[in-house]
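The values are calculated or read from the model by the stated rules, or taken from the named source; none is laboratory data. None of the values given here were measured: they were computed from a predicted structure. Virtual Cβ from ideal backbone geometry, glycine too; neighbours counted across all protein chains shown.
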Amino acid sequence: MNGERAVLGRRVDPGRDVVEVDGAPLSVLPGLVHYLLNKPRGVITTADDPMGRPTVLSLVPPEPRVFPVGRLDADTEGLLLLTNDGVLAQHLTHPSHGVDKEYLAELHGGTPDPAALRALRQGVELDDGPSAPARVGVVSPGVLRIVVHEGRNRLVRRMCEAVGHPVRRLVRTRIGPLSDATLGPGHFRLLTPAEVRALAAAGAGRSRPKGAGGGRL
């Protein structure tokens with residue numbers, strides 16, 4: 001705390017003190033909430049939608065007001081963090097922290113051949129520059145588990161399309177240390193204090209070296 005190791009029972013002034021876990025700032029203000037949502041397909045990751053489509057905010061309590069951390073496109077399902085914790089959100093979305101996101105991707109055209117898998121693992125050329133290396137494993141015929149750490153728009157879909165296998169269905173199954181196979185589509189839950197601390201520590205204080213993150217799962 002404030003550059004010193006905290007001791008059990010030490011008091012914290014939320015307006016003045018800075019508390020960090022493994023180098024990552026941890027919010028201590030009262031009233032913070034952290035929701036883990038399993039976003040269904042067709043739900044929009046915005047506060048409201050001019051076309052009247054359902055949004056992720058319609059699936060969680062209206063108060064306190066929260067916002068999504070990162071985005072999932074309308075057709076992508078799976079785990080999404082919503083919070084009013086701006087410090088944690090900024091930490092998780094900062095490019096230098098490289099927090100892993102894991103997806104299950106069901107592909108058109110069956111399982112990619114070894115050359116296509118190698119391209120995904122090494123990085124593929126996209127219209128906004130090459131993707132960083134991904135961790136890629138074959139789960140079953142035509143289904144890949146893909147772990148990326150970039151926050152670029154529709155990244156996994158564009159990577160798969162670039163190697164000739166457009167995505168049929170995409171589900172995010174993990175955000176950093178967070179996963180929950182029991183959380184049904186459209187349902188949410190509060191994170192535990194331990195999960196919030198683990199998120200704060202995810203990727204803290206270190207940038208990924210060039211080429212990190214590649215290889216098989």
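Among the candidates Gly164, Gly123, the residue that is in contact with a Ser or Thr (Cβ under 6 Å, 6 or more places away or on another chain) and on the phi > 0 side of the Ramachandran plot is uniquely Gly123. Quick check on Ala134: is it aliphatic (A, V, I, L, M), modelled with pLDDT of 95 or more and within 19 Å of the chain's Cα centre (by Cα)? When the stated conditions are applied, Ala134 passes them.
Tally up the residues in the stretch 146-172 that are at pLDDT 95 or above, surrounded by 19 or more Cβ atoms within 10 Å (Cβ to Cβ) and not aliphatic (A, V, I, L, M), please. Going through the stretch 146-172 one residue at a time, the tally reaches 3. Annotation note: Cβ proximity below 8 Å between a residue of the stretch 143-157 that is closer than 16 Å to Arg169 by Cα and a residue that is among the hydrophobic types (A, V, I, L, M, F, W, C) and modelled with pLDDT under 95 (sequence gap 6+ or interchain) occurs for Arg145/Leu217; Val147/Leu217.
Residues that are part of a loop (DSSP other than H, G, I, E, B) and of a type in the set (A, V, I, L, M, F, W, C) were ranked within the stretch 42-74; the one that is farthest from Pro185 (Cα to Cα) is Met51.
Test each condition in (1) outside any loop (DSSP other than H, G, I, E, B); (2) crowded, with 17+ Cβ neighbours inside 10 Å for Ser131 and report the one that comes out false. For Ser131, the failing item is (1).
Scanning the stretch 75-120 for residues that are of a type in the set (A, V, I, L, M) and in a loop (DSSP other than H, G, I, E, B) yields a single hit, Val99.
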